[in-house]
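Note sheet for the following structure.
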Amino acid sequence: MQNPLNKLKSNIFKVLLIEAVILFVVHYLMKQSINWLDMVLAAINMVLLIGVFDFVESAQVKRNLALSQIIGEEASQAFMFGNIGILTYDSNLNVTWANDFLQSRFEHIVGKQISSWMPETQQLFNSEADLVTVTLDQYTYEVLKKEEGQTLFFRDITDLYNLKELTTNQQMVIGYVHLDNYEETALYSDDKTTGQIDTNIRQRIIEWARAQGVLVRRLRTNRLMLVMTQQLFEQIIADNFSIMKVIHEESAKLDVAITLSIGFGKGSSDVQMLDEMALNALELAQSRGGDQIAIKAYDQEVEYLGGSSQAQEKRSKVRARIIAQTLKDLIHKSDNVILVGHKEMDFDCMGSAIGMCNIARSNGKDAYIVLAGGIEEKLNLAYLEYKEELDKTNVFMDETEITRVLKSKSLVVMLDHHNASQSSIPSLITKSKRVVVIDHHRRNQDFTFDPMMVYTETAASSCCELITELIPYQPKHFELTKEEATMILTGIMIDTNRFRNRTGSRTFEVASLLKQYGADPLKADEFLKDDYQTFEIKAKLYNNISINSHSMAITSLPNEKISRSVMSQTADMMLGIKGVEASFVVAMDDNDQVAVSARSNGNVNVHVIMEKMNGGGHYTAAGLQRSNTTVNEVLAELQAILQQNVDEEDKNNENHSLE
Ligand SMILES: [Mn+2]
């Protein structure tokens, strides 16, 4: 359209020039005055100018006419039949023309402003997408922008879209419900209570499922299977899994600690895969402490809902005995045993490794403790002090030495962690075919390796506690020196902040057993004392504490490197402030990463708060590390999330008071 207009302009200019020359020649060279010639030329000029305006006005119309000519009458009918729309628009995105199909679907389409009529097309005009899906008046269209020439193509995909939605809605979802603590409770309750549990709790789940239209089958006394469509599943999600609350209330009435753990598998048409996904999700929900829902959608990360009560002490001694037996069998079938802790080995790693080393040896196998990937400062001092004694009964090895003793039938035991990347030698985990995990941290993802046995117990205070519980099931000649027992006790003391946090009756039981082997609590306390520098850093952190309206204490130090253990100890100590329910320490760690240590007294779930910032942990102890950022940036993010929590809680309280 631009070119013919330019051509016309230059033609007019040429004519005007010729006229000027003629007038010049006639008036000045021929010295004649011919008024009629002037008149004629002026008239021609006017006609030309009118012609230009007319051309510009009709250019758009002509272009559109040309398009409909190209389309032709038959093609137009074909578009009608195939539900294909075409429209053209001007530079202001106003519709200038639309084909018969679009005219039949929309009244007064010409002149409409496209981006306000169909806001979804915005992406087409700022080149974010070539194709968008638009729903208008119960019809769904795919809209394609033709690269040049201000034209949009429409394809009616309503049927396809509806069909897709129908298929998704009808897809099967499989779920497993587990009644946490049911067996333990039933074991110690009288028949009357057990009967009440069945009617008030188990039956309520069945009623709830039936009311929702979900197929429910009892598999075991404490386990149910659910089958439903995706559509029903979404309704249940929208209902916020009200059954969880019901069970909480009923449990409270009966004074039992039964909660629900639910795992769901969805997003696949392969039912066997769904089943496996649901079972894995359930296991994850349980290993995170139970009382929560884990949803595994095909090809997506596991999503968690709930988790509002702290893991209760619910481990049965039976489980420790079964684990001890399984572990013994595995040790007997292995060439040797390699004990690996996490990077920056701490007392809990070291203590549990020493305990396991003795368990392996009492079962007739050589065992080696990996000393790689860094060691925590206080542990290092303690280790050096005890080295001579410890070396008599334990073999500590660095990375090269370990590769020399590693055989195809070595049993690799991961202690106090469950993530291969956190291991002091990650390749040891990923390469080995025989891995056992013993840990007390909540799992938040699938294993990246294939373990032979997993013993994760989030209700335990420490890995040392889990290992010590296995001691009574070892051969009679099992031995621990008093130095070893002291190291294990120190592991428990540091993870419980000297028997203050996460301490259950079984923590004291194992402490008492360690005492029988000669553990020295005074020495352990000595190991945990701060040097002056650490004391000073902690004092600085205490100085910066601020407490928000919901009793959460936060402190930070922007310019000092602080070890992770000092951060977590400070967070632990901050819980000692009267009224404080949760504490957060934000600072730069030894590796120049910004770290957050979060602790809770049990009323606030700091794990959920840290997860919002991509961290992890437990209900009462969680944290995160992040590189390429500053302490103040992370602090601001944390404060925003805490504020959001406060706002949500206030809102909830308002709603409750309205009820
Ligand atoms: Mn630990």
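Taken together, the values in this text are just the output of simple stated rules run on the coordinates, not laboratory data. Bear in mind that the values here come from a model prediction, so they are computed numbers and not experimental data. As a convention, Cβ positions derive from the backbone with ideal geometry for all residues, glycine included, and neighbour counts pool all protein chains shown.
Once the C-beta distance of L131 and R210 is scaled by a Förster radius of 30 Å, the resulting FRET efficiency is 0.10 to the nearest 0.05.
Can you give the angle from 0 to 90° between the axis of helix 35-82 and the longest principal axis of the chain, with both taken from C-alpha atoms, to the nearest 10? Value to nearest ten degrees: 50. Calculated translational diffusion coefficient of the chain (37 °C, 0.692 mPa s; Stokes-Einstein with Kirkwood radius over alpha-carbon pairs) equals 106 µm²/s. Only helical runs count toward this figure. For the chain, summing -39,500 (n - 2.57) over DSSP H runs of n ≥ 4 and dividing by all residues gives -15500 deg cm²/dmol at 222 nm.
Working note: Karplus 6.51/-1.76/1.60 with θ = phi - 60° gives region 532-545 the couplings 4, 4, 4, 4, 5, 4, 4, 4, 5, 4, 4, 4, 9, 5 Hz, where Gly and Pro are set to x.
Under 5 Å from the amide H of L136 lie the amide H atoms of Y141, each residue being 5 or more positions distant or on a separate chain, with H modelled from the backbone and absent for Pro and chain starts.
For D590, nonlocal amide neighbours, meaning residues 5 or more places apart or on other chains whose placed amide H falls under 5 Å from its own, are I562, R564. How big is the antiparallel share of DSSP beta bridges in the chain, given as a percent to the nearest 5? Bridges in the chain are about 65 percent antiparallel.
Helix 203-212 versus the longest principal axis of the chain: what is the Cα-based angle in degrees, 0 to 90, to the nearest 10? On a 0 to 90 degree scale, this one is about 10. Highest mean first, the peptides 291-304, 415-428 sorted by other C-beta atoms within 10 Å per residue fall in the order 415-428, 291-304.
For region 233-239, 3J(HN,Hα) computed residue by residue from phi via the Karplus equation (6.51, -1.76, 1.60; θ = phi - 60°) reads 4, 5, 4, 5, 4, 5, 7 Hz, glycine and proline entered as x. The Cα center of region 365-410 and the Cα center of region 237-275 differ in position by 44 Å.
Kirkwood hydrodynamic radius computed over region 519-628 comes to 14.3 Å, based on all pairs of distinct alpha carbons. Of T534, T458, T490, T448, the sequence from fewest to most neighbouring Cβ atoms within 10 angstrom is T448, T534, T458, T490.
Helix 271-287 and the longest principal axis of the C-alpha atoms of the chain enclose an angle of approximately 60°. Here the ratio of the Cα radius of gyration of region 201-341 to 2.2 N^0.38 Å is 1.23.
Less than 5 angstrom separates the built amide H of W97 from those of T88, all sequence-distant by 5 or more or on a different chain. Cross-link partners for K253 among the lysines, with Cα-Cα distance under 18 Å and sequence neighbours closer than 8 places in the same chain left out: K192, K245. Residues in region 428-438 carry Karplus couplings, in order, of 4, 6, 5, 7, 6, 8, 10, 10, 10, 10, 10 Hz; the curve used is 6.51 cos²θ - 1.76 cosθ + 1.60 with θ = phi - 60°, and Gly or Pro positions show x.
Legend: ranking of residues K266, K433 from fewest to most surrounding C-beta atoms inside 10 Å; resulting order K433, K266.
Share of pairwise Cα-Cα distances greater than 14 Å in region 83-164 is 61 percent (whole percent).
Modelled spin-label separation between V47 and D525, with each label point placed 7 Å from Cα along the Cα-to-Cβ direction: 11.6 nm. Taking all Cα pairs closer than 8 Å and separated by 6 or more residues, the relative contact order of the chain comes to 7 percent. Measuring between their Cα centroids, region 517-560 and region 99-151 lie 62 Å from each other.
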